[in-house]
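Here's the structure, in structure tokens; my notes come after.
The values are calculated or read from the model by the stated rules, or taken from the named source; none is laboratory data. If you're wondering where the values come from, they're calculated on a predicted model, not measured in any experiment. Positions of Cβ are generated from backbone atoms using ideal geometry, with glycine treated the same way; all protein chains shown enter the neighbour counts. Only protein heavy atoms, including side chains, enter the accessible area calculation; ligands, DNA and RNA are left aside. Shrake-Rupley method; radii C 1.70, N 1.55, O 1.52, S 1.80 Å.
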Amino acid sequence: MNRLGILISGRGSNFEAIARNVANGSLDASIAVVISNRPDARGLEVARELGLNAISIPSKGLDREIYDRLLTEELNKHQVDLVCLAGFMRLLSAPFIRAFSNRILNIHPSLLPAFPGLDAQHQALDHGVKITGCTVHFVDEYLDAGPIVIQAAVPVEDADT
């Protein structure tokens with residue numbers, strides 16, 4: 001059974017979906033730790049309510065590699081097998097990615113390689129696409145460019161905003 005380390009920055013809706021699937025047995029894993037770079041992230045409160053290890057490592061004002069070393073230490077302390085980026089809004093350094101090579105998954109709100117980076121849903125709407133979706137992919141050293149694990153398409157309705 002894989003021990004998950006889930007990284008979040010905000011409300012934690014993707015984390016909650018993972019936690020539900022772990023709890024109902026659909027996902028053969030356990031959540032070892034939930035970490036946010038923002039101490040006020042609602043997802044931390046949800047994780048604590050679920051009885052999970054929930055930690056804030058504030059990133060504000062820290063150099064990326066220093067912050068990523070702190071993350072690595074915390075993930076290793078909890079013996080994490082797989083890192084899940086679930087709304088984690090920071091770019092990870094090359095040393096962090098190498099430390100967890102082929103063990104970092106990202107959830108991205110577009111059908112990659114279309115609309116990488118921030119505001120993917122707005123990018124899709126601005127371009128007038130008729131179909132968008134979600135991608136889960138392995139993280140490499142390039143932005144939203146790692147090998148795709150799975151994708152799901154979603155139609156864009158005329159009234160969508």
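Odds and ends about this structure:
- For the chain, the fraction of 1.4 Å probe accessible surface lying on carbon and sulfur atoms is 52 percent.
- The chain, helix-only ellipticity at 222 nm - DSSP H runs n ≥ 4, -39,500 (n - 2.57), divided by all residues, nearest 500: -8500 deg cm²/dmol
- Summary value for the chain: 19 percent relative contact order, contacts being C-alpha pairs under 8 angstrom separated by 6+ residues.
- Diffusion of the chain by Stokes-Einstein, at 10 °C in a medium of 1.306 mPa s and with Rh set to the Kirkwood radius over alpha-carbon pairs, works out to 97 µm²/s.
- Evaluated with a Cβ-only charge set (Lys, Arg +1; Asp, Glu -1), the chain carries a dipole of roughly 420 debye about its Cα centre, given to the nearest 20.
- Between the stretch 28-103 and the stretch 132-161, the Cα center-to-center distance that results, in Å: 21 Å
- Kirkwood Rh in Å, taken over the stretch 14-64 so that all alpha-carbon pairs contribute: 11.8 Å
- Accessible area per residue, Å², the stretch 50-158 with all protein chains present, probe 1.4 Å: 58 Å²
- Extension gain for Asp63-Arg48 works out to 2.6 nm (0.36 nm per residue, less the C-alpha to C-alpha distance).
- Counted residue by residue at 0.36 nm each, then reduced by the alpha carbon distance between them, the extension gain from Leu118 to Glu141 reaches 6.6 nm.
- 3J(HN,Hα) along the stretch 28-45, derived from phi through the Karplus expression 6.51 cos²θ - 1.76 cosθ + 1.60 where θ = phi - 60°, amounts to 7, 7, 10, 9, 7, 6, 10, 10, 10, 7, 10, x, 8, 4, 4, x, 5, 4 Hz, with x in place of Gly and Pro.
- Here the contact order of the stretch 72-150, divided by its residue count and restricted to Cα pairs under 8 Å and six or more residues apart, works out to 28 percent.
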